[in-house]
Amino acid sequence: MTAPDLEVSGLRRGLIALALTPAMGPLVASTLAPAEPWNDLVVIDGWVLLRSDLRDISHIARQST
Amino acid sequence: MHADLDRESASSALLGRFDVCIFGSGPAGMTTAVELARKGKRVALVEAGGFEFSERSQNHYAGTESGIQNWNAIRFKRLRYFGGTSGHWAGRCGVFDEVDFSANPYHGMTGWPIGRRDVVEHQAQAADILDLGKQLLETRPLRSTGRESAFTHAAVALSPPTRFGQKYRREVQESSNLQLFTNASLTDLVPGPARPGGVPTAIDHAVVRNYAGRTFKIAARHYVLALGAVENARALLNSDGAFKTGIGNQFGWVGRCFMEHLNVEFGRFVVRDPVIFAKGSIEVAPTPALLSAERIGNGVLNADSTYQPEDYGRLKDVKHALRAGACKFETVREFARKFGDFSCVGEGVITSLLEQAPNRDSRVTLTKAVDEFGLRRANLHWQINDADRRTVRTLGMAFAADMARLDWARVKLHDYILNPKLEIPVGDHAHHMGTTRMSREAKDGVVDANCRVHSLDNLFVAGSSVFPTGGGTSPTLTIVTLALRLARHVSTLVP
């Protein structure tokens, strides 16, 4: 089984620019209080991602424009 | 020995005097009865149905439902014949951990008056009864990735599944210590005389009826109700001759705190590490540290990536091409999912079995409608509360975070997990628990640590209706374990 490429299949391109703004932050931390800090995570359109994932996305975004 | 009451012609006859009389032949009742008979006690096992399923018997389960409805729990998710609901259970088994036996649970209601240490000696025998073989029932850490996880691999074992009616029929019929009565419906538990100025402290005899409407009596030193969570409460509430609010109900607990295991879909995921999902799915349980830190319920989360959608029919090639095309665009996928279960290769779904916090308002009550014996039927009102919503949302987010940090998968949580303003769609697992909850003090429940009804000397309850909390795994192994413990306790009371 081949996993689909996350960046292509999981995120709508329209959200990419939004995801890169600081205001997105760890949305989860504002709704509940998880056991661990969520500083390394970001929630975009329901996807729970590592912040490092965003670097790949921005790379994809640059390539696609 | 076996007697079919539908073939008995005598009316108002005393069917016998026994050391112990047990009502219900499901996993709890059968285990208790067989174990006591093996210990040389004279046992009556009273089953309302026959050896096979029949609509006439099952119809006695008909009732109404409110709260979370449309799940047909009261009518179809339990069975009223020899072997009880083991006749259609799926076989999943798990061990209640220390945290599941907590005396001071996260939700503020009273917890278990016994600990895992009080039942662990019976666990191996219970596993044998359920034919679990050598399957491990211990949690193990997620594969080491150099970082801590909030989850462990869940300890889940699979029974074949054991059908108690098939497994024990011959032993029950051939045992000289055990008298089985079939087609014998319990209609009343009649207390003995009260002390001057007091209330009765013991059951004198039980009244049972066959389907022809004939009435019989059974007398015993001790009685055990093992009818399932709905019927145990219904039987106690219907036995309201000497006790106006029903037997064991002086503090109003009978029927309350009905619990299920919550069946919630958390969302979807895409696999990042195919090795982890080589077997298709993983099942994880939260660590005690996470449960303690967050003050939430326990559970098992299943991430199943085995979706390999197949298309059928003459147009399957066209369907396959359409599916492949749709899967390339998230907007199209989500649109398709509005109309049904639509999956793409490489995706998975996260489902769960979660502990529900006990809740006084989630309960079994009696309605005005009666069955053919004149017993009032039950209404099952099932609801969840804010503690449950917090359990669902916290576990969903913690799991999604773990999957990302371990780089095993990326999870897309459903809106209702992330947005507390949305109601969570909750399903069930056909695990009926609570309604005669165990408590240290009479004011907090129905039965004591030995499963004895607080206010009576000789009436016991077996099965998951005694669970004060439901734990984070399937209940059958714990039901059988507690039944073995009950059998040993009752055997010490009989000379």
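For chain B, the residue among B:Val46, B:Trp408, B:Val446 whose Cα projects farthest onto the positive side of the dipole built from Cβ charges is B:Val46.
Averaged over the residues of B:401-410, the number of partner chain Cβ atoms lying within 10 Å of the residue Cβ comes to 5. About the centre of its Cα atoms, chain B shows a dipole size close to 280 debye [charges on the beta carbon of Lys, Arg (+1) and Asp, Glu (-1) only; nearest 20 debye]. Only Lys, Arg, Asp and Glu carry charge here, each on its Cβ (+1 for the first two, -1 for the last two); on that basis the stretch B:1-99 has a dipole of about 140 debye about its Cα centre. For the set B:Phe164, B:Phe53, the ranking by accessible area, highest first and with no ligand, DNA or RNA atoms included, is B:Phe53, B:Phe164 under a 1.4 Å probe.
Surface analysis of the stretch B:237-299 yields an accessible area of 36 Å² per residue, using protein heavy atoms and a 1.4 Å probe.
B:Asp118 exposes around 50 Å² of accessible area when a 1.4 Å probe is run over every protein chain in place.
If a/c stays under 1.5 just call it rounded; otherwise compare a/b with b/c (prolate if a/b is bigger, oblate if not). Do that for the stretch B:29-135, with a ≥ b ≥ c from the square roots of the Cα gyration tensor eigenvalues. The shape class here is oblate. Give the calculated FRET efficiency between B:Thr64 and B:Ser281 to the nearest 0.05, with a Förster radius of 35 Å applied to their Cβ-Cβ distance. Step by step, r from the Cβ atoms, then E = 0.45. Taking 0.36 nm per residue of separation and subtracting the current Cα-Cα distance, fully stretching the chain between B:Arg295 and B:Gln173 would add 39.1 nm.
Take every Cα pair under 8 Å whose residues are at least 6 apart in sequence, average their separation, divide by the length of chain B, and the relative contact order is 24 percent. DSSP bridge analysis restricted to chain B gives an antiparallel fraction near 65%, rounded to the nearest 5. A 1.4 Å probe run over the stretch B:1-64, with the rest of the protein chains in place, finds 40 Å² accessible per residue.
Strictly over 24 Å apart at the Cα level, which of B:Lys244/B:Lys443; B:Lys279/B:Lys412; B:Lys77/B:Lys217; B:Lys41/B:Lys217 would you flag in this model? Going by Cα-Cα distance, B:Lys77/B:Lys217 fall outside the 24 Å limit.
Each peptide in B:40-48, B:55-63, B:109-117, B:374-382 was scored by the mean count of other Cβ atoms within 10 Å over its residues; highest first, the order is B:40-48, B:374-382, B:109-117, B:55-63.
For the stretch B:67-130, the solvent-accessible area works out to 43 Å² per residue, with a probe of 1.4 Å and every protein chain left in place.
In terms of the Cα gyration tensor, with a ≥ b ≥ c the square roots of its eigenvalues, is the stretch B:138-264 rounded because a/c is under 1.5, prolate because a/b exceeds b/c, or oblate? Judged from the Cα gyration tensor, the stretch B:138-264 comes out oblate (a/c at least 1.5, b/c at or above a/b).
The sum of -39500 (n - 2.57) across all DSSP H runs of n ≥ 4, divided by the residue count of chain B, sets its helix-only mean residue ellipticity at 222 nm to -7000 deg cm²/dmol. Modelled this way, with points 7 Å down the Cα-to-C-beta line, the labels at B:Lys39 and B:Arg488 are 0.9 nm from one another.
Taking a label point 7 Å from the Cα of B:Asp361 along the Cα→Cβ vector, which residues of the stretch B:104-139 have an amide N closer than 17 Å to it? Inside the label zone: B:108-109. Each Cα pair under 8 Å and six or more residues apart adds its sequence gap; the mean of these over the residue count of the stretch B:379-481 is a relative contact order of 17 percent. Among the helices of chain B, those built from whole DSSP H runs whose Cα atoms reach 18 Å or more along their own axis and whose mean Kyte-Doolittle hydropathy is at least -0.5 are B:386-405, B:476-493. With a Förster radius of 30 Å applied to the C-beta separation of B:Leu422 and B:Leu322, the computed FRET efficiency comes to 0.45. Computed FRET efficiency, Cβ-Cβ of B:Asp4 and B:Val190, R0 25 Å: what is it to the nearest 0.05? Given R0 = 25 Å and the Cβ-Cβ separation, E is 0.60.
The fraction of accessible area contributed by carbon and sulfur in chain B is 50 percent, rounded to a whole number (1.4 Å probe; ligands and nucleic acids excluded).
Spin-label model, B:Leu158 to B:Ala449: label points 7 Å out along the Cα-to-beta-carbon direction sit 3.8 nm apart.
State, in square angstrom and to the nearest 100, the accessible area buried between chains B and A, both chains counted, probe radius 1.4 Å. Using a 1.4 Å probe on protein heavy atoms, the buried area is about 2500 Å².
The stretch between B:Glu138 and B:Arg56 holds 25.3 nm of extra length on full extension. This uses 0.36 nm per residue minus the Cα-Cα distance.
The relative contact order of the stretch B:444-495 comes to 28 percent, based on Cα pairs under 8 Å that sit 6 or more residues apart.
Take each residue in A:41-51, count the other chain C-beta atoms within 10 Å of its C-beta, and the mean is 6. Remark: spin-label model distance B:Asp273-B:Val370 equals 6.3 nm, labels positioned 7 Å along the Cα→Cβ axis.
Need one word for the stretch B:193-263: rounded, prolate or oblate. Basis is the Cα gyration tensor (sqrt eigenvalues a ≥ b ≥ c); a/c below 1.5 gives rounded, then a/b vs b/c decides. Oblate, because a/c is 1.5 or more while a/b does not exceed b/c. For the segment B:266-274, counting C-beta atoms of other chains within 10 Å of every residue's C-beta and taking the mean gives 3.
The values are calculated or read from the model by the stated rules, or taken from the named source; none is laboratory data. Everything numeric in this text was worked out from a predicted model, so none of it was measured. Heads up, the Cβs are rebuilt from the backbone with ideal geometry, glycines too, and the neighbour counts pull from every protein chain shown. These accessible areas exclude ligands, DNA and RNA; they are computed on the full protein's heavy atoms, side chains included. Shrake-Rupley method; radii C 1.70, N 1.55, O 1.52, S 1.80 Å.
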